[in-house]
């Protein structure tokens, strides 16, 4: 009898009133037996109704991430089981699984350049997406072998959770069938586009504020806007720091951003020690650069403002035993993206770099100062030809997605 009732409930053309109204008068005992019969006949299935299919365009992909196959249930059958707490919506299951995963703090994230830059760029894209992501918190979670990679948690403190595997160039390279360079900003940009689109697709439809447009159109439009931010961060953002032997205890900062500096725009360059100010590497917005304050010895951190294009700038009289990194950004716009340098100023890293460079002439004079002093523009220029930057930029392979 239970099997026959289950078959009738699965039919969307039932002529029996008792079946069409089964969700109103079925006891918990009968509902439990119906669920057992359903699972026995259709194992490894995740059940959903038409409302979920409409609300979550990525429903099938999410169910596959649970390691199951999707199975549609007519409205009456679904309501009958859901009323008795015997089935859950897929978004609830997604939240439960990701809710149990450990959220990683900034210092627990992979410390590769690829991971750090991808994390900062995605946060910047979300910060700029005022329409639907500005107030959503991004959390990176260690979900182990779970196939799900993103999840949205609703509520006053809305959250987007991302599987930490997105920050691993090795895992992503395997899944995408290509090789990703952990030091390539170009590869970071490609993955940032994929991940941000994935986050947009994870949002419920009502968060996207369609305004009469289709879901596909809205995703594409928001993705194009994010592409502009990603281009700013990657196409014109390659920055490197390394010792400059031609300058007394000098460190040179080379940046594509400085080379392409628009007329009438000033750029600010900060040089910090990794050990004392490493937390600043997570900054993505210029307005946040001064927080937290530098904790190193007086004079160990420097700041320089330039108002003309150049391939790089030098800082003198530094302790070259310190591993330095640089922050470069537009001084005119508080909301501009902060470019963080790749590489290391440690002697071993410099020796490796000189194998691929043809020369290392000094770049301008030193006009640096402590980071906590007042702004002062620099008039020092580059002594290196305009195309010299290219020898310091490793050429990454072109990868098509």
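The values are calculated or read from the model by the stated rules, or taken from the named source; none is laboratory data. Just so you know, these numbers come straight off a predicted model, no measurement behind them. No Cβ is skipped: glycine too gets one built from the backbone with ideal geometry, and neighbour counts run over all protein chains shown.
Residues in the range 306-319 that are within 14 Å of residue 242 (Cβ to Cβ) and within 33 Å of the chain's Cα centre (by Cα): how many?
Matching residues across the range 306-319 total 5.
Going by the conditions given, is residue 172 free of Cβ contacts under 8 Å to residues at least 40 places away in the same chain and either surrounded by 19 or more Cβ atoms within 10 Å (Cβ to Cβ) or closer than 30 Å to residue 310 by Cα (or both)?
So residue 172 fits the description; yes.
Does the range 227-241 include one or more residues that are surrounded by 23 or more Cβ atoms within 10 Å (Cβ to Cβ) and over 22 Å from the mean Cα position of the chain (by Cα)?
Yes, because at least one residue in the range 227-241 is surrounded by 23 or more Cβ atoms within 10 Å (Cβ to Cβ) and over 22 Å from the mean Cα position of the chain (by Cα).
May I ask you to verify whether residue 183 is under 19 Å from the mean Cα position of the chain (by Cα) and either modelled with pLDDT of 85 or more or over 21 Å from residue 332 (Cβ atoms) (or both)?
Yes.
What's the number of the condition residue 51 fails, among (1) exposed (fewer than 15 other Cβ atoms within 10 Å of the Cβ); (2) outside any helix (DSSP H, G or I)?
It fails just one condition, (2).
Which of the strands (runs of 3 or more DSSP E) contained wholly in the range 149-247 include at least 2 residues that are in contact with a helix residue (DSSP H, G or I) (Cβ under 9 Å, 6 or more places away or on another chain) and under 30 Å from residue 317 (Cβ atoms)?
In the range 149-247, the matching strands (runs of 3 or more DSSP E) lie at 239-244.
Looking at residue 131 and the list (1) in contact with a strand residue (DSSP E or B) (Cβ under 6 Å, 6 or more places away or on another chain); (2) not in a helix (DSSP H, G or I), which single condition is not satisfied?
Going through the list (1) in contact with a strand residue (DSSP E or B) (Cβ under 6 Å, 6 or more places away or on another chain); (2) not in a helix (DSSP H, G or I), residue 131 breaks only (1).
What's the number of the condition residue 46 fails, among (1) touching a strand residue (DSSP E or B) at 6+ places or on another chain (Cβ under 8 Å); (2) over 30 Å from residue 233 (Cβ atoms); (3) in a helix (DSSP H, G or I)?
The number of the failed condition is (3).
Answer yes or no: is there a residue in the range 246-257 that is without any contact (Cβ under 8 Å) to a residue 60 or more places away in the chain and buried (at least 20 other Cβ atoms within 10 Å of the Cβ).
Looking through the range 246-257, none of the residues is without any contact (Cβ under 8 Å) to a residue 60 or more places away in the chain and buried (at least 20 other Cβ atoms within 10 Å of the Cβ).
How many of the residues in the range 55-95 are over 21 Å from residue 149 (Cα atoms), in a helix (DSSP H, G or I) and out of contact with any helix residue (DSSP H, G or I) (no Cβ under 7 Å at 6 or more places or on another chain)?
Count: 2.
Report, by residue number, each residue of the range 134-148 that is farther than 19 Å from residue 62 by Cβ and in a loop (DSSP other than H, G, I, E, B).
Listed by number, the residues that qualify are 134, 135.
Right, residue 110: under 30 Å from residue 329 (Cα atoms) and assigned to a loop (DSSP other than H, G, I, E, B) or not?
yes
Considering only the range 127-140, state which residues are surrounded by fewer than 21 Cβ atoms within 10 Å (Cβ to Cβ) and either touching a helix residue (DSSP H, G or I) at 6+ places or on another chain (Cβ under 8 Å) or not assigned by TED's automatic domain parsing to the domain that holds residue 223 (or both).
Residues satisfying the conditions are 128, 129, 131, 132, 134, 136, 138.
Residues that are in a loop (DSSP other than H, G, I, E, B), touching a strand residue (DSSP E or B) at 6+ places or on another chain (Cβ under 7 Å) and surrounded by fewer than 22 Cβ atoms within 10 Å (Cβ to Cβ): does the range 267-282 have at least one?
Scanning the range 267-282, I find no residue that is in a loop (DSSP other than H, G, I, E, B), touching a strand residue (DSSP E or B) at 6+ places or on another chain (Cβ under 7 Å) and surrounded by fewer than 22 Cβ atoms within 10 Å (Cβ to Cβ), so the answer is no.
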